[in-house]
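Some notes on the structure that comes next.
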Amino acid sequence: MQSVADALRAVLARVSRLGAQDVPLDEAAGRVLAADLAAPRPLPGFDNSAMDGYAARAADLPAAGDSVFGVAGTGFAGAQFDGTVPAGRCLRIMTGAVMPAGLDTVVPQEFCRLEGERVIVPAGVVRTGDNRRLAGEDLARGARRRDAARPVAPGRARRARVRAGPSSRAGRASR
C-alpha cells in the first residue's frame, strides 16, 4: 500500500503548472496569485478628520482654561477647504474632510459649546493629533496586501481591487 504522501507526490509529478496572466481583480476569484499584491497609493490618500467637530492647532489649545475660537468656515467630507484658518480660529470639520495645512487636532463636537459665532473648547479634552487620520495610516503606498500563491476568494477580489488597484498577476484558469 502506498502512503498518502507518496500518492500525493505521484499525482503532483504528473500535473503541470499553468502559466500566469494579468487579469482584472474582479475576474481573479478562484485563481491563485502569481505575485504579491502591493498598494498603488496610500490609504487614506490624505490627512483627514476622524470625527465631526472643530479642527484647530494644538498650540491654540492651552492646558488650563477654555479656548475660544471664531469659525473660519466648514470642511466637508472628501473635500479640501478652500480658505485659510488663521491662528486663534478653528474650522468646522466633518468626518473624512481633508485637514487644512497647519491644523493638527480635531475636537469632537460633543466636547464643544457654541455661543453665538464662537466655539468654546474646555481645557484638556484633546491632545495634539487627536481625531486626525494621517495619509497612509491604514495602508502605506507599496505595502503588501496579499501574498503570492494565495487563492483569491470572490469577496476578497472586490476588496483587493479597492485597496490594491484594478489588476493582478494570477495563475491561468484551468479548463
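Given all pairs of different Cα atoms, what value in angstroms does the Kirkwood hydrodynamic radius of the chain take?
Details: mean 1/r = 0.0509 Å⁻¹.
With all distinct Cα pairs of the chain included, I get 19.7 Å.
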* Asked: Peptides 20-30, 114-124: what's the order by average Cβ count within 10 Å, highest mean first?
  -> 20-30, 114-124
* Among 20, 3, 34, whose Cα sits farthest toward the positive end of the charge dipole of region 1-40 (+1 at Cβ of Lys/Arg, -1 at Cβ of Asp/Glu, about the Cα centre)? -> 3
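Could you work out the helix-only [θ] at 222 nm for the chain, with each DSSP H run of four or more residues adding -39,500 (n - 2.57) and the total divided by the number of residues, to the nearest 500 deg cm²/dmol?
My calculation for the chain gives -4000 deg cm²/dmol from helical runs alone.
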* Of all DSSP beta bridges in the chain, what percent run antiparallel (nearest 5)? -> 85
* With each pseudo-label sitting 7 Å past Cα toward Cβ, what's the residue 141-residue 80 distance in nm, one decimal? -> 1.5
* To do: For residue 41, list long-range residues whose amide hydrogen, built 1.01 Å from N in the peptide plane, is under 5 Å from its own amide hydrogen.
  => 142
* Under 11 Å from the Cβ of residue 122, count the other residues' Cβ atoms, weight Lys and Arg +1, Asp and Glu -1, and hand me the total. => 0
* Charge dipole magnitude, Cβ of K and R +1, D and E -1 - region 1-90, Cα centre, debye nearest 20 -> 460
* Could the peptides 92-100, 75-83 be put in order, highest first, of the mean number of other beta-carbon atoms found within 10 Å of their residues? -> 92-100, 75-83
* Could you list which residues have their amide H under 5 Å from that of residue 54, counting only those 5 or more apart in sequence or on another chain, with H placed in the peptide plane? => 93, 107, 109
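Just so you know, all these numbers are worked out from the coordinates, no wet-lab data involved. As the structure is a computational prediction, the values presented were derived from the model and not from experiment. Neighbour counts are summed over all protein chains in view; Cβ atoms, including those assigned to glycine, are modelled from backbone coordinates with ideal geometry.
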